[in-house]
Amino acid sequence: MATKTQVKSSSTCHPPETTQGARIFDILGYSKHRGMGPTAFIRSAVFNVAGYNWVIFFYPDGFTDESAGGGFDFVSAYLRLLTTNRGKVRASCDLRLVNPTTSKATSVHPTLVTTMREYDPDGDKNKVFNCMCIGRAQLEGTYVKNDRLTMECVVSRKHRQHIAVTSFSNWFSSEPFQLQEKQEHILGTRSELKTRAFHVDGEEFVAHTESSSLRGRRCSKWSFMGR
């Protein structure tokens, strides 16, 4: 039995999976939160996305470093990861402001929609990232109505990329032969049987011959049977 075996394997790299979740943050009595100073904040309730706990920090008077030296009047928001002891997390924050007239939510910073940043709640840095910094006049002129501000925070967490071996395949090629056929296939032999008569001093003798071809060489074998 002649057998040929060939083994092949293939691997597939899939796009990283992303889990997304949104949180609505309503601030009622917006004007009453103003004037608390650039380090005072309003904190949202804790919400869960992809098995991790997050929270929004809203600064009605902006954050100190953002307003320092420029005389600008900003309103800021930050996203913080609260879950600890689970390593670093790659996530993006798309903070949207809801227009009270049209009920349409608009991203404050469209570039942050697809920007994945690495949160490290167990380290000294990168526990919190800025997700909104907007001028007060623009915010209050468009998005505050009846002393109410509505924000929508969309968090997308990117999972680790995986490479998976998907298959192992074997190909078999078998060629069965009968014993004589296999010998002829390997050695290239072919046999012929012939009968001949010989006359010696008036008497006839019969003989058989088997002629074989072996790799281009011809061999003969005679068997005398008598009269």
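Checked against (1) at pLDDT below 90; (2) exposed (fewer than 13 other Cβ atoms within 10 Å of the Cβ); (3) assigned to a strand (DSSP E or B), G70 passes all but condition (3).
Only one entry in T111, T19 is β-branched (V, I, T), within 27 Å of the chain's Cα centre (by Cα) and assigned to a strand (DSSP E or B), namely T19. On the stretch given as segment 86-107, residues that are in a strand (DSSP E or B), touching an Asp or Glu at 6+ places or on another chain (Cβ under 6 Å) and charged (D, E, K, R) total 2.
The values are calculated or read from the model by the stated rules, or taken from the named source; none is laboratory data. Fair warning: this is a prediction, and the values are worked out from it, not measured in the lab. Positions of Cβ are generated from backbone atoms using ideal geometry, with glycine treated the same way; all protein chains shown enter the neighbour counts.
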